[in-house]
Amino acid sequence: PQSPSFDPSIIEYKGFRFLNFKYNEKYIDSLETFETRESDVFVVTYPKSGTVWTQQIVSLICPDEDRTGEELLPNNLRFPWIEFFNEEIDHSSRPSPRFFSSHLPYNLVPNELRKGKGKVIYVSRNPKDVMVSYFHFTYFFKPMGKAKDFSEFMDNFLNGNVPLGSWFDHLRGWYDHRDEFNILFISYEEMIKDLRSVVIKICKFLGKKIENVDIDKIAEEGTFNKMKKNPKANYEWIPADHANKENGSFLRKGTIGDWKNVMTVAQNEKFDQVFQEKMKDLPLKFIWDI
Ligand code: A3P
């Protein structure tokens, strides 16, 4: 058998490290002038920060009349990735409100979005758990290429030498430029600790009247176990040529602090040192354990 090596096909373009998956340079160029709508909702994340979870929560909050049936679509069609080149999806003919997902940095999203036309929900997660989740993900999602071992993956993660680049740059970019966007910041850990409050925050941000939204039902439908059983929400439909399904599942563990099961004391110290250097003046606080 072939020995595993972390060899993802990364394409460097416009200062960003794209994963070579549904990638098309001309299409990326065209995003600059992509026409957004006031009602558009973009869920933006660094990978493994709670994208799919937030997709599900937003869909449950907004099963509007004009979306009848659409909430039944699998999440790749409900929340298509704006950066993926997909000839089957014509965004301009999608009904409003349109939902999008994105891992793009702040400077590569449509100009109009950057001028506040359309809403952004930015989901962050403590980067140690992001890194551990991402490490496992390389064994599940084939285009990523398998990480050789955790220690090497950690070095790559800290250097931004992974698909979608540096976690630090992604977060900093979006946070430092937040005033240019109509943006709500939420965190994975807040969702774990108090999903109801996050549902209320998102409702307010999207202009949904709370009394019209069944918050209890959403908080229940959004639990890890419910979503794990929901094929429309859990990426079960990923074709076998993209996923090593025998190596795990998209909804893997869903907890805070799994990094403690993986990182050594020395690795943790090294991580803290880099984190301090890069993030010391960032006002955002992270939750590292439950
Ligand atoms: P783990 O690998 O730590 O389990 P993304 O959607 O951005 O790729 O993030 C995936 C991570 O979110 C995975 O983390 C996954 O298990 C977790 N996740 C997805 N839905 C969840 C839910 N309802 N509750 C808790 N965690 C969830």
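Every read-out reported here was derived from the displayed coordinates using simple, explicitly stated rules and does not represent laboratory data. Predicted model, so just to flag it, every value in this text is computed and none were measured. We place every Cβ from the backbone using ideal geometry, glycine too, and count neighbours over all the protein chains shown.
Of all residues in segment 53-90, those satisfying the criterion of being hydroxyl-bearing (Ser, Thr, Tyr) and surrounded by 15 or more Cβ atoms within 10 Å (Cβ to Cβ) are THR54, SER59.
In the condition set (1) within 16 Å of the ligand (Cβ to nearest atom); (2) more than 30 Å from LYS217 (Cα to Cα); (3) charged (D, E, K, R); (4) outside any helix (DSSP H, G or I), GLU87 is compliant with all but (1).
Residue pairs whose Cβ atoms lie under 9 Å apart, sitting 6 or more positions apart in sequence or on different chains, and linking a residue in segment 211-238 that is under 13 Å from ASN75 (Cβ atoms) to a partner that is near the ligand (Cβ under 8 Å from one of its atoms) and of a type in the set (Val, Ile, Thr), are MET227/VAL52; ALA233/VAL52; ASN234/VAL52; TYR235/VAL52.
Residue-level check: of (1) more than 19 Å from GLY50 (Cα to Cα); (2) away from the ligand (no atom under 16 Å from the Cβ); (3) surrounded by fewer than 16 Cβ atoms within 10 Å (Cβ to Cβ); (4) not β-branched (Val, Ile, Thr), LYS285 misses just (1).
If the condition is being of a type in the set (D, E, K, R) and either out of contact with any Leu (no Cβ under 8 Å at 6 or more places or on another chain) or closer than 19 Å to GLU189 by Cα (or both), then segment 116-156 contributes LYS117, ARG125, LYS128, ASP129, LYS142, LYS146, LYS148, ASP149, GLU152, ASP155. Would you check if ILE256 is more than 10 Å from the ligand (Cβ to nearest atom), on the phi < 0 side of the Ramachandran plot, out of contact with any Pro (no Cβ under 9 Å at 6 or more places or on another chain) and touching a residue at least 12 places away in the same chain (Cβ under 8 Å)? In short, no. The residues on offer are GLU277, GLU246, and the sole one that is closer than 17 Å to PHE137 by Cα, more than 20 Å from the chain's Cα centre (by Cα), loosely packed, with under 14 Cβ neighbours inside 10 Å and away from the ligand (no atom under 16 Å from the Cβ) is GLU246. Checked against the criterion of being surrounded by fewer than 16 Cβ atoms within 10 Å (Cβ to Cβ), part of a loop (DSSP other than H, G, I, E, B) and among the aliphatic types (A, V, I, L, M), the candidates ALA240, ALA233, ALA266 yield just one match: ALA240.
Filter segment 32-52 for residues that are aromatic (Phe, Trp, Tyr) and either closer than 14 Å to PRO80 by Cα or surrounded by fewer than 22 Cβ atoms within 10 Å (Cβ to Cβ) (or both); which is farthest from the ligand (Cβ to nearest atom)? Of everything passing the filter in segment 32-52, PHE34 is farthest from the ligand (Cβ to nearest atom). If you go through segment 137-190 and keep only what is within 14 Å of the ligand (Cβ to nearest atom), in a strand (DSSP E or B) and of a type in the set (S, T, N, Q), you end up with just SER187. For segment 213-228, the candidate set comprises residues that are in a loop (DSSP other than H, G, I, E, B) and more than 11 Å from the ligand (Cβ to nearest atom); within that set, the residue that is surrounded by the most Cβ atoms within 10 Å (Cβ to Cβ) is VAL213. Annotation: GLN55 fulfils all but one of (1) within 16 Å of the ligand (Cβ to nearest atom); (2) in a loop (DSSP other than H, G, I, E, B); (3) touching a Ser or Thr at 6+ places or on another chain (Cβ under 7 Å); the unmet one is (2).
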